Amino acid sequence: MTPTTPHASLQETPLTTLQQSASAPRPNLLQEGGTDLLARSLAAVWHPCTQMKWHEQFPLIALRRAQGVWLEDVQGKRYLDAISSWWVNLLGHGHPRLKQALGQQMDALDHVMLAGFTHEPVVTLSERLGKLTEGALGHCFYGSDGASATEVALKMSAHYWRNLGRPQKNRFIALAHSYHGETLGALSVTDVPLFSRAYADLLRPSFLIPSPDERLGAAAAQHSLQALRTLLQQHHPQIAALIIEPLVQAAGGMIFHTPAYVRGVAQLCAEFDVHWIADEIAVGFGRTGTLFAHAQAQVVPDFLCLSKGITGGVLPLSVVMTRDPIYQTFYDDSTARAFLHSHSYTGNALACRAALTVLDLLEEDRVLSRNATRLAQLEQLTAPLRAHPALRHYRQRGMIWAFEVVTQRADFARAFHQAALGREVLLRPIGNTVYFMPPYTITDAEFEHLVQATLGALNALL
Ligand SMILES: *Cc1c(COP(=O)(O)O)cnc(C)c1O
């Protein structure tokens, strides 16, 4: 831990480019083309999940570099990336080991189609991920983003049942407040109204069961499991799989549930001959404290979806892992029994190399056990926040912190986001839910800066 200000910690980074920038005179915005870049972005780029007209009021921020937990804009202003750039960046930006590994991989083999070809990074990554599930999930299928992983898992599950002569088992169960991505299949198992209502006409409805939301007390999990049992009793011959974000329903509002609930889901699915899909796109790779969230429930899913943090946030990659007996039902002389799904960048060698490097770093630096031993100290740093009168349901699991803010402001999320940016922190509340999901490499001083900026933003708004 460095007893320095957050700014100093950026300036202390050993990378020469940043040291040069830190000591160089502040750049002139116009010379850098900053305002020009904003205008050009608004003219040519359609930004995700954005009402573009908002940017008349809230200007875009043009970034020029990122290092560690810090983003730096073209004016030299810095922002602590407290949400890991939409939850992908596990180990900080500009990691020297990732840069080195990707450079070497680029020299050897950049990308080749995975149909008819294979290569060392994709083989080694599949073997290593399989070992990390203790061999339970021995086959890996690759995509490029989280939503594709959801699509793959849903299609694989339904196709498995068809291969077994049970084609009527082709419907899915999801949880209230679930989020599994925004392509049409993934949106069909997503229950975030902002995303799913707009495109409801295009979707094939799924069965929804109540959320086991811990804020509602232990009865919520019981209620959800009871609803699941009733649903399965009535409809299991039509149901291929249930999909769940184990332990934390993230985009739905950082809604926590217990490992016991996950175990209950797994048991019911087994009892009624229905697959369960663990969508660990957000919660995988140590975010909830263990490498995989489902491990805390001591159960293994039929399908495991991983993405986001898998490459440390540097390249798009997703993977769906499954059991050998499921794989075996596709193994046949008939093409129609094969899993018929592909993406151009399936098994991209650079992305697989990044993922292997992330696994190396997690192991070598014992990142997860270090996170665990730091939590008590980090919880002390949140004390002034927890004491704030407008806070409700403060909760923490692994490297996720969340709470609701009591306010009448309809524009809370946006106003808070702006207020935090003004205090050098990037946060994007989900409605009234403020959450931290910082890179694991955040220092105590940086975490304290995050807490103080959050307090400052709250006090400015309320
Ligand atoms: C982000 C997310 C997805 C979708 O991933 P994309 O890469 O954005 O398509 C799916 N499931 C969960 C749980 C996620 O958090």
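Out of all the residues in region 127-139, which are open to solvent by 30 Å² or more (accessible area, probe 1.4 Å) and within 19 Å of ALA354 (Cβ to Cβ)?
Matches in region 127-139: GLU127, ARG128, LYS131, LEU132.
Scan region 140-158 for residues that are among the small types (Gly, Ala, Ser) and outside any helix (DSSP H, G or I) and report the count. Give the steps one after another, and end with the answer.
Narrowing region 140-158 to residues among the small types (Gly, Ala, Ser): 143-144, 146-149, 153, 157-158.
If we keep only those that are outside any helix (DSSP H, G or I) too, we end up with 143-144.
Summing the residues that are among the small types (Gly, Ala, Ser) and outside any helix (DSSP H, G or I) in region 140-158 gives 2.
Can you run down the residue pairs with Cβ atoms below 7 Å, 6 or more apart or on separate chains, where the first is in region 125-153 and not assigned by TED's automatic domain parsing to the domain that holds PHE303 and the partner is surrounded by fewer than 20 Cβ atoms within 10 Å (Cβ to Cβ) and in a helix (DSSP H, G or I)?
Between residues of region 125-153 that are not assigned by TED's automatic domain parsing to the domain that holds PHE303 and residues that are surrounded by fewer than 20 Cβ atoms within 10 Å (Cβ to Cβ) and in a helix (DSSP H, G or I), there is no close pair.
Which one is farthest from the ligand (Cβ to nearest atom), of the residues in region 148-173 that are of a type in the set (Gly, Ala, Ser) and under 20 Å from PHE292 (Cβ atoms)? Write out each step before concluding.
To start, the set of residues in region 148-173 that are of a type in the set (Gly, Ala, Ser) comprises 148-149, 153, 157-158, 165.
Filter again for under 20 Å from PHE292 (Cβ atoms), leaving 148-149, 153, 157.
Details: SER148: 7, ALA149: 7, ALA153: 10, SER157: 16 Å.
Across region 148-173, the extreme among qualifying residues is SER157.
Being open to solvent by 10 Å² or more (accessible area, probe 1.4 Å) and within 16 Å of the ligand (Cβ to nearest atom) is the filter here; which residues of region 308-333 pass it?
Within region 308-333, LYS308, GLY313, VAL314, LEU315, PRO316 meet the criteria.
Could you list, in sequence order, the residues of region 36-66 that are closer than 16 Å to ALA415 by Cα and either of a type in the set (A, V, I, L, M, F, W, C) or touching a residue at least 60 places away in the same chain (Cβ under 8 Å) (or both)?
Scanning region 36-66 gives TRP54, PHE58, LEU60, ILE61.
Hey, among the residues in region 126-147 that are away from the ligand (no atom under 16 Å from the Cβ) and of a type in the set (Asp, Glu), which one's nearest to LEU291 (Cα to Cα)? Talk me through it step by step, then tell me what you get.
Within region 126-147, the first condition is being away from the ligand (no atom under 16 Å from the Cβ), and the residues that meet it are 126-140.
Imposing the further condition that a residue be of a type in the set (Asp, Glu) reduces the set to 127, 134.
Values: GLU127: 16, GLU134: 12 Å.
Filtering region 126-147 for residues that are away from the ligand (no atom under 16 Å from the Cβ) and of a type in the set (Asp, Glu), the one nearest to LEU291 (Cα to Cα) comes out as GLU134.
For every residue, the table says whether it meets (1) open to solvent by 10 Å² or more (accessible area, probe 1.4 Å); (2) within 24 Å of GLU363 (Cα to Cα); (3) under 22 Å from the mean Cα position of the chain (by Cα).
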| position | (1), (2), (3) |
| --- | --- |
| GLN222 | yes, no, no |
| ILE239 | no, no, no |
| LEU242 | no, no, yes |
| LEU247 | no, yes, yes |
| GLY253 | no, no, yes |
| VAL283 | no, yes, yes |
| GLY286 | no, yes, yes |
| LEU291 | yes, yes, yes |
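Within the bounds of region 251-272, is there any residue that is touching an Asp or Glu at 6+ places or on another chain (Cβ under 8 Å), more than 20 Å from ARG395 (Cβ to Cβ) and within 16 Å of the ligand (Cβ to nearest atom)?
No, region 251-272 contains no residue that is touching an Asp or Glu at 6+ places or on another chain (Cβ under 8 Å), more than 20 Å from ARG395 (Cβ to Cβ) and within 16 Å of the ligand (Cβ to nearest atom).
So in region 159-184, with the set limited to residues that are surrounded by fewer than 19 Cβ atoms within 10 Å (Cβ to Cβ) and in a helix (DSSP H, G or I), which one is nearest to the chain's Cα centre (by Cα)?
LEU184
If you take the residues in region 287-307 that are closer than 25 Å to GLU182 by Cβ and out of contact with any Pro (no Cβ under 9 Å at 6 or more places or on another chain), which one is farthest from the ligand (Cβ to nearest atom)? Steps first, answer last, please.
Initial filter on region 287-307 (closer than 25 Å to GLU182 by Cβ): 287-288, 292-294, 301-307.
Checking which are out of contact with any Pro (no Cβ under 9 Å at 6 or more places or on another chain) leaves us with 287, 302-306.
Values: ARG287: 10, ASP302: 17, PHE303: 13, LEU304: 12, CYS305: 7, LEU306: 10 Å.
Taking the candidates together, the pick is ASP302.
In region 182-207, which residues are charged (D, E, K, R) and away from the ligand (no atom under 13 Å from the Cβ)?
ARG197, ASP201, ARG204
Output the number of the condition that PRO439 fails; it satisfies all remaining conditions of (1) under 20 Å from the mean Cα position of the chain (by Cα); (2) over 20 Å from LYS77 (Cα atoms); (3) not hydrophobic (A, V, I, L, M, F, W, C).
It is condition (2) that PRO439 fails.
May I ask you to list the residues in region 72-90 that are under 26 Å from ASP36 (Cα atoms), open to solvent by less than 20 Å² (accessible area, probe 1.4 Å) and within 19 Å of the chain's Cα centre (by Cα)?
LEU80, ASP81
Which condition number does PHE207 fail, the rest of (1) more than 23 Å from the chain's Cα centre (by Cα); (2) on the phi > 0 side of the Ramachandran plot being met?
Going through the list (1) more than 23 Å from the chain's Cα centre (by Cα); (2) on the phi > 0 side of the Ramachandran plot, PHE207 breaks only (2).
The values are calculated or read from the model by the stated rules, or taken from the named source; none is laboratory data. Quantities reported herein were computed from a predicted structural model and do not represent experimental measurements. No Cβ is skipped: glycine too gets one built from the backbone with ideal geometry, and neighbour counts run over all protein chains shown. Each accessible area value is taken on the protein alone, full model and side chains, heavy atoms only, with ligands, DNA and RNA left out. Shrake-Rupley method; radii C 1.70, N 1.55, O 1.52, S 1.80 Å.
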